[in-house]
């Protein structure tokens with residue numbers, strides 16, 4: 001990927017990177033471990049972002 005990205009693309013990638021985290025431990029405790037995985041986790045090799 002090129003090092004020179006447009007601002008819009010950079011913002012989209014940054015937003016996706018911030019949302020790609022695990023469920024916090026306090027939520028797991030509060031929900032009695034009902035939510036152990038985040039449904040929207042993404043791996044850069046497997047799941048791609050929408051191009052627009």
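Numbers for the structure displayed
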quantity	calculated
Residues (farther than 18 Å from residue 9 by Cα, surrounded by 10 or more Cβ atoms within 10 Å (Cβ to Cβ) and under 10 Å from the mean Cα position of the chain (by Cα)) located in the range 20-39	21, 22, 38
Any hit, the range 30-38, residues being part of a helix (DSSP H, G or I) and free of Cβ contacts under 8 Å to residues at least 12 places away in the same chain	yes
Residues of the range 1-19 satisfying the condition of being surrounded by fewer than 11 Cβ atoms within 10 Å (Cβ to Cβ) and in a loop (DSSP other than H, G, I, E, B)	1, 2, 3, 4, 6
Residue 42 being assigned to a loop (DSSP other than H, G, I, E, B) and exposed (fewer than 10 other Cβ atoms within 10 Å of the Cβ)	no
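Only the coordinates and a few stated rules stand behind these numbers; no lab work does. It should be emphasised that the depicted structure is a prediction, and the values quoted were computed from it without experimental measurement. All Cβ positions, even for glycine, are placed from backbone atoms using ideal geometry, and neighbour counts span all protein chains on display.
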